[in-house]
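Peer 1: Okay, here's the structure, questions in a sec.
The values are calculated or read from the model by the stated rules, or taken from the named source; none is laboratory data. Note that the structure is a prediction, hence the values are computed from the model and not measured. Every residue, glycine as well, gets a Cβ built from its backbone with ideal geometry; the counts of neighbours run over all protein chains shown. The area values use the complete protein model at the heavy-atom level, side chains included, leaving out ligands, DNA and RNA. Shrake-Rupley method; radii C 1.70, N 1.55, O 1.52, S 1.80 Å.
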Amino acid sequence: MPLISGFVHGLLAWGALLAAVPLLIHLLNRQRHQPLAWAAMRFVQEAYRRTRRHAQLENLLLLLLRMGAVALLAFAVARPFTDPESPLAPLTESRRDVALVLDVSASTGYRENVRSVHEAIVERARELLGALDGTRGDRVRLILAAADATVAAGRSPEDALAVLSTVEEPADAPFDAAAALGEVARLAADQAGDAGRAQLEVRLLTDLQRRSFVPDLAAAPPGESAPSATPSLQTVLDRLEELGVTVVVEDLGPAALTPPNLGVAAVLPLGDVLGAGLPLEIGVRVQNFGTAGRNAVRVALEVDGERQPSRAVDVPARGAAQAAFPLVLREPGDHTLLARLEGDRLAADDTRAGVLRVPPPVRVLLVDGDPRDEIDLDEVGYLRAILDPPDDAGVLAGPGGRLYSPFAARTITAAALGDGEADIQEADIVVLANVAGLSRPAIEALEGRVAAGAALLVTAGDRLAEEGALEALNARLWRADGSGLLPARLVRIVQVADRRESYYRPAWFAAEHPAFSFFADERWRPYLTEIPIYAFLASVPGEGSRVLARLDDELASPLLVERDYDRGRVFLWTTSIDKGWTRLPESPTSFVPLVHELLRYAAAGVETPRNVPVGGTLVAEVAAFPRGPVLVHPDGTRRELAGEPAAVVEGTWRLPDLSPLERAGLWRIEMEGAPAFPFAVELDPGEGDLERLDGRSLQALHPALVYFEVGAEGGPDEDAAPPDQGELWRWCAGASLAFLILETLWAAWIGRGRRLA
């Protein structure tokens, strides 16, 4: 067993060279001279021969003292240490190199008595740091870990204690064990260097929440990593084992392995939100993570700051229940929701915020390619009737029997589309119904509006049967490179020979697509698939287009084609929307749901999410230039938004991305002269599941994990602790000082004796 190991070889090499400097000086000073005979010198030479050996011994001892002082000083600077089995072990003192990982996730906010788990973790960390001695050379890296890991302090224990005093409350995020220990593995690898083994003591202070450790390991076989953008926990622990590092996991969680806890798991509308003034229900889902059922749990809901009458629900053990709150939101736009439970031992999941957007009526511009006075003959007559029904035939009834339609339709002719009177900018959807020709200004206006986020629906009809109509439409709206508006190239008109004997039918449709959600139910499927179609446009979809429905002809021709156009969408309906080519408009049970679902989907456009998870990024777009934007936190603190807004399209501006959003609750962005932009940051609902691992289960996960229960007698297994790093630097420094003192005294003694001689 080597006596000394672990010193820095390069530093000692330079120290050895420095130790040779006195010898080099001595050798250079030995100059050779030409002897010259001189009678009087015979007496001097005789005296020198009698004292030469004594002087040489004195000089040699002086040289060794000087070389030893330099060499020992180099050893002290290199901070060598020994193995515990070394004969020099009794002369050493231990320097500790510690990585202290603190679980500061939301679940550590659980209060079992007066003190929370988070407070217990911080107190235990302070105790461990107090046992370290910076003057002895102890080093500590304090790592605060939740969804990610941050090295908060990486030097002395005193620095770590100063940082620890600022850790006042847990984060609103789950604990990612792989991220935390991945940071430890990086530190250990840096320390190990070429040696391949690290002398690092690792302590993880946590509540041992099961979901933090088990799912990742269970997802991958031993020795293999689960597919992920970051290394799995299994991979990280394997790496620590290779480096010889053991993680001592200290359990500071509640006493029970499944502590009781209730949490708000979701707050969201029950069903579609169609428009302002219509009744809807908001559901608040309450999750019981405990092993005993809970009865008459009070649930409260605030809408735009106004408290609704509370509800009581019974929540089964390890189950969920939903409280429904009926509402009527009379104004379109964004509305804030805040659900609350009666406070329990974990406050983080007792509230949940959300933002609900109530859409205004969809503005539909109908471009009538074949106007008629009779509704059943007019190209958009049936469509206008269901989008803007007469007063006595409203689609929906609001409070007090007031009629409501989710659409606001207006009709113009094809000639008016390009003369500046159409005001396309005020339309969410433009429908080109049996339009055979368009002017260049009309096409440019359509392209600009669709690129900005509107939708375009192109339908066929008899006008397209006119000579040259298809060629003209292709020339203006279709381009092979995808820059044109049409999602497919129009080929020819296909029609049956005799409508009394045959017809085509929709044979297939994308049931998962929102436009066909109504017909995905087997009960309503025939209302679409049995509709007679007598004529259609044969077409060839372009690259990037999606066929949403096909006919039952031999070629399975497209019936509905969709493609994205910048921020908007374009649809091609290859038959008519009047009764000229199909019986669809004459079947309200088919036509109404198809039109409503398709147009509502088309009008959705690009919407920035208003509900983001903790740690996520918010992309905020506003309809006016944001002047003086200020971010207001859930606790009311305010700060100005840094960075410049960017113009996305005409009339739309994007604020600088907000990331990471680390606190759950209701946030908002306030701007001068514009409505506030509210958004919600949501806690992971699973963070309320406080089920914990016991020590045996933890150690069974991986050999690199060692369980330690705080307060238990003794400590972790001795085999799991890092080897004792006994340091010799103080002895080396003391010996170097002693050599310097002896050298000084010896040199003075020699000088005195030679002067007297």
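Peer 1: In segment 503-525, what residues are more than 26 Å from Ser483 (Cβ to Cβ) and either assigned to a loop (DSSP other than H, G, I, E, B) or of a type in the set (Asp, Glu) (or both)? Give the derivation first.
Peer 2: Step one: of segment 503-525, the residues more than 26 Å from Ser483 (Cβ to Cβ) are 503-509, 511-512, 514, 516-525.
If the condition is that a residue be more than 26 Å from Ser483 (Cβ to Cβ) and either assigned to a loop (DSSP other than H, G, I, E, B) or of a type in the set (Asp, Glu) (or both), then Tyr503, Arg505, Ala511, Glu512, Ser517, Asp521, Glu522, Arg523, Trp524, Arg525 are the ones that fit.
Peer 1: If you go through segment 266-286 one residue at a time, do you hit one that is basic (Lys, Arg) and over 20 Å from Thr206 (Cβ atoms)?
Peer 2: Here is the first cut: in segment 266-286, the ones basic (Lys, Arg) are 285.
Then drop every residue that is not over 20 Å from Thr206 (Cβ atoms), which leaves 285.
Checking segment 266-286: at least one residue is basic (Lys, Arg) and over 20 Å from Thr206 (Cβ atoms).
Peer 1: Okay, moving on. Please pick out the residue among Leu337, Leu329, Leu270 that is modelled with pLDDT under 95 and within 23 Å of Asp684 (Cα to Cα).
Peer 2: Working: Leu337 fails: modelled with pLDDT under 95; Leu329 fails: within 23 Å of Asp684 (Cα to Cα).
Going through Leu337, Leu329, Leu270 in turn, just one is modelled with pLDDT under 95 and within 23 Å of Asp684 (Cα to Cα): Leu270.
Peer 1: Just checking, which of Arg203, Arg186 is in a helix (DSSP H, G or I) and among the basic types (Lys, Arg)? Spell out the reasoning first.
Peer 2: Working: Arg203 fails: in a helix (DSSP H, G or I).
Unique residue meeting the criteria: Arg186.
Peer 1: Any idea how many residues of segment 606-626 are in contact (Cβ under 8 Å) with a residue 60 or more places away in the chain and either open to solvent by less than 20 Å² (accessible area, probe 1.4 Å) or in a helix (DSSP H, G or I) (or both)?
Peer 2: Final tally of qualifying residues: 3.
Peer 1: Could you tell me which numbered condition Arg307 fails, if it satisfies all but one of (1) at pLDDT 95 or above; (2) over 15 Å from Gly354 (Cβ atoms); (3) open to solvent by 60 Å² or more (accessible area, probe 1.4 Å); (4) in contact with a strand residue (DSSP E or B) (Cβ under 6 Å, 6 or more places away or on another chain)?
Peer 2: (4)
Peer 1: Cβ-Cβ under 6 Å, sequence separation 6+ or interchain: first residue in segment 129-152 and farther than 28 Å from Gly615 by Cβ and assigned to a strand (DSSP E or B), partner open to solvent by less than 60 Å² (accessible area, probe 1.4 Å) and of a type outside the set (Val, Ile, Thr). Which pairs?
Peer 2: Listed pairs, sorted by first residue: Arg139/Asp97.
Peer 1: Of these, Leu560, Leu551, which one is open to solvent by less than 20 Å² (accessible area, probe 1.4 Å) and closer than 22 Å to Val450 by Cα? Working first, answer last.
Peer 2: On the way: Leu551 fails: closer than 22 Å to Val450 by Cα.
Of Leu560, Leu551, the one residue that is open to solvent by less than 20 Å² (accessible area, probe 1.4 Å) and closer than 22 Å to Val450 by Cα is Leu560.
Peer 1: Which of (1) modelled with pLDDT of 95 or more; (2) within 30 Å of Thr351 (Cα to Cα) does Asp657 not meet, given it meets every other one?
Peer 2: (1)
Peer 1: Spot the failing condition for Gly253; the list is (1) in contact with an Asp or Glu (Cβ under 7 Å, 6 or more places away or on another chain); (2) assigned to a strand (DSSP E or B), and only one is missed.
Peer 2: The single condition Gly253 does not satisfy is (2).
Peer 1: Report, ordered by the first and then the second residue, all pairs with beta carbons closer than 7 Å, sequence separation of six or more or different chains, a first member in segment 98-117 that is charged (D, E, K, R), and a second member that is in a loop (DSSP other than H, G, I, E, B).
Peer 2: Asp103/Phe175; Asp103/Asp207; Arg111/Arg345; Glu112/Pro254; Glu112/Ala255; Glu112/Arg345
Peer 1: In segment 353-385, what count of residues is obtained for those that are open to solvent by 20 Å² or more (accessible area, probe 1.4 Å) and out of contact with any Leu (no Cβ under 8 Å at 6 or more places or on another chain)?
Peer 2: So the count comes out to 14.
Peer 1: A further question follows. In segment 116-139, which residue that is touching a Ser or Thr at 6+ places or on another chain (Cβ under 8 Å) and of a type in the set (A, V, I, L, M) is surrounded by the most Cβ atoms within 10 Å (Cβ to Cβ)?
Peer 2: Val117
Peer 1: Is there any pair linking a residue in segment 471-500 that is free of Cβ contacts under 8 Å to residues at least 60 places away in the same chain to one that is among the acidic types (Asp, Glu), with Cβ under 9 Å and at least six apart or on different chains, and which?
Peer 2: Asp481/Glu543; Ser483/Glu447; Gly484/Glu447; Leu490/Glu471
Peer 1: Next question, about the same structure. Any idea which of Ala321, Ala255, Ala276 is under 23 Å from Asp689 (Cβ atoms) and open to solvent by less than 70 Å² (accessible area, probe 1.4 Å)?
Peer 2: Numbers: Ala255 fails: open to solvent by less than 70 Å² (accessible area, probe 1.4 Å); Ala276 fails: under 23 Å from Asp689 (Cβ atoms).
Selected residue: Ala321, the only one of Ala321, Ala255, Ala276 that is under 23 Å from Asp689 (Cβ atoms) and open to solvent by less than 70 Å² (accessible area, probe 1.4 Å).
Peer 1: Would you mind finding the one in Leu490, Leu528 that is open to solvent by less than 40 Å² (accessible area, probe 1.4 Å), of a type outside the set (Val, Ile, Thr) and in a strand (DSSP E or B)? Working first, answer last.
Peer 2: On the way: Leu528 fails: in a strand (DSSP E or B).
Leu490 is the lone residue from the list that is open to solvent by less than 40 Å² (accessible area, probe 1.4 Å), of a type outside the set (Val, Ile, Thr) and in a strand (DSSP E or B).
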